[in-house]
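**Student:** I'd like to ask you about the structure that follows.
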Amino acid sequence: QVQLVESGGGLVQPGGSLRLSCAASGSIFSFSTMGWYRQAPGKQRERVAGVTSIGITNYADSVKGRFTISRDNAKNTVYLQMNSLKPEDTAAYYCKLFQGGRDYWGQGTQVTVSS
């Protein structure tokens, strides 16, 4: 069984920064892929960033140059550093782990960008 717990969300002004964390527990394989998704009210969930077990990253065009995903395999934790935040980044952010042909999701953490 795999569990994911996100933290680090909150309210921030436009142009500010937040760092999200996602700690995975349970049977975690070293070759798992982890990523961050977000879902704004009335919109579909979208992929924000992903990182493979060997550190290869990819980003949605909307966050390139502003967000950085990283992972600490020893801690089974993935991070999302979000800089230059915009009101359109407001959403619930979800962590996802993919391994063994299955997706595992966290419960989400809210990020609100507003003045």
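**Student:** Per residue, how many Å² of accessible area does the chain show with a 1.4 Å probe? Write out the running numbers ahead of the final one.
**Tutor:** On the way: 6080 Å² over 115 residues.
That works out to 53 Å² per residue.
**Student:** What does the charge dipole of region 62-102 about its Cα centre add up to, to the nearest 20 debye, if the Cβ of each Lys and Arg holds +1 and the Cβ of each Asp and Glu holds -1?
**Tutor:** Charge dipole, region 62-102, about its Cα centre: 140 debye, nearest 20.
**Student:** If you don't mind, there's one more thing I want to ask. What percent do you get for the relative contact order of the chain when only Cα pairs under 8 Å and 6+ apart count?
**Tutor:** 37 percent.
**Student:** Express the carbon and sulfur contribution to the solvent-accessible surface of the chain as a percent, rounded to the nearest whole number, probe 1.4 angstrom. Walk me through the numbers on the way to the answer.
**Tutor:** On the way: 2930 of 6080 Å².
Exposed carbon and sulfur together represent 48 percent of the surface.
**Student:** When ranked by the protection proxy of mean other Cβ atoms within 10 Å per residue, highest first, what sequence do the peptides 78-84, 103-109, 41-47 form? Let's see the in-between values first.
**Tutor:** Numbers: 78-84: 20.6, 103-109: 16.4, 41-47: 9.9.
The densest-packed peptide leads the list: 78-84, 103-109, 41-47.
**Student:** OK, next. If you look for lysine pairs in region 2-115 that are eight or more places apart or on different chains, how many of them have Cα atoms under 22 Å apart?
**Tutor:** On the way: 43/64; 43/86; 43/96; 64/86; 64/96; 75/96.
Eligible lysine pairs with Cα atoms under 22 Å apart amount to 6.
**Student:** For the chain, how big is Rg over Rh, using alpha carbon atoms and the Kirkwood form of Rh? All intermediate terms of the calculation are to be shown ahead of the outcome.
**Tutor:** Working: Rg = 13.4 Å, Rh = 14.0 Å.
Here the Rg-to-Rh quotient is 0.95.
**Student:** Add +1 for every Lys or Arg and -1 for every Asp or Glu among the other residues with Cβ under 15 Å from the Cβ of residue 62, and state the total.
**Tutor:** Cβ neighbours under 15 Å give a net charge of +3.
The values are calculated or read from the model by the stated rules, or taken from the named source; none is laboratory data. If you're wondering where the values come from, they're calculated on a predicted model, not measured in any experiment. Heads up, the Cβs are rebuilt from the backbone with ideal geometry, glycines too, and the neighbour counts pull from every protein chain shown. Please note that ligands, DNA and RNA were not included when accessible areas were found on the heavy atoms of the full protein model with its side chains. Shrake-Rupley method; radii C 1.70, N 1.55, O 1.52, S 1.80 Å.
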